[in-house]
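The values are calculated or read from the model by the stated rules, or taken from the named source; none is laboratory data. Bear in mind that the values here come from a model prediction, so they are computed numbers and not experimental data. With ideal geometry, Cβ positions are generated from the backbone for all residues, glycine too; neighbour counts draw on all protein chains shown.
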């Protein structure tokens, strides 16, 4: 019984020591993706917002947000996001007719993503106005 308790204490101590400390970013959008669906050109401004929360225990700093092309313009928070606070990243798509499939790359000090890099995606389709 003493050995069992000793092993349990060792396991629990190890688990606690491996817990990540620092800022963590958790996005509200499922799979970090916003689906525009099918939208008519001219009836939608193309603006969408990725909302997130810093679920860590240190300030989250977004250092860069960039898109895979010039048709999608993201904006980033300018101030650190404190633990427990919410933030947002706005994305403006130019709404050219056709399929939407773009990736926005977020660089941060978040410890729950490799090197703090988070890929966000937008998808959907823009159809001509009726």
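The figures follow:
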quantity: Positions within region 40-53 being surrounded by 17 or more Cβ atoms within 10 Å (Cβ to Cβ), over 12 Å from residue 104 (Cβ atoms) and touching a residue at least 40 places away in the same chain (Cβ under 8 Å), in sequence order; calculated: 46
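Listed here are the residues, each with its yes/no results for (1) farther than 17 Å from residue 50 by Cβ; (2) touching a helix residue (DSSP H, G or I) at 6+ places or on another chain (Cβ under 7 Å); (3) at pLDDT 95 or above.
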position	(1), (2), (3)
80	yes, no, yes
86	no, no, yes
95	yes, no, no
114	yes, no, yes
122	no, no, yes
